[in-house]
Amino acid sequence: MKLLGVTSCPSGVAHTYMAAEALEMAAKAKGWEVKIETQGSIGIENEILMSEVADADIIVLTKDIAIQQEERFNGKKIVRIAVADAVKKAPQIMDKIEAHLASI
């Protein structure tokens with residue numbers, strides 16, 4: 001399984017990075033490949049490449065503010081979550097993603 005994600009929050013500081021770390025750790029705990037891009041106060045970091053999008057099974061986007069360049073993910077399975085949920089509930093989110101993908 002390959003999961004990509006983009007995290008961003010209204011202030012673009014702590015929650016952006018805390019969410020990225022939590023999602024990355026939860027995905028790795030499942031043995032998945034993962035890359036999380038952050039769109040924080042200093043701009044885009046760890047930018048996701050189009051070649052990575054092509055290979056991704058699922059995309060996780062935070063929904064608190066608009067994600068820059070979101071059109072890169074057109075045609076992919078997308079899960080939208082609150083940045084606070086990514087920080088507090090990343091393992092449960094991964095469980096739901098896993099269950100959903102297994103049922104397809």
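Highest mean first, the peptides 14-25, 51-62 sorted by other C-beta atoms within 10 Å per residue fall in the order 14-25, 51-62.
Max-minus-min Cα coordinates of the chain on each principal axis give 37, 29, 19 Å, with the largest extent listed first.
Just so you know, all these numbers are worked out from the coordinates, no wet-lab data involved. Here the structure is a predicted model, which is why all the values come from computation and not from measurement. All Cβ positions, glycine included, derive from the backbone under ideal geometry; neighbour counts span all protein chains shown.
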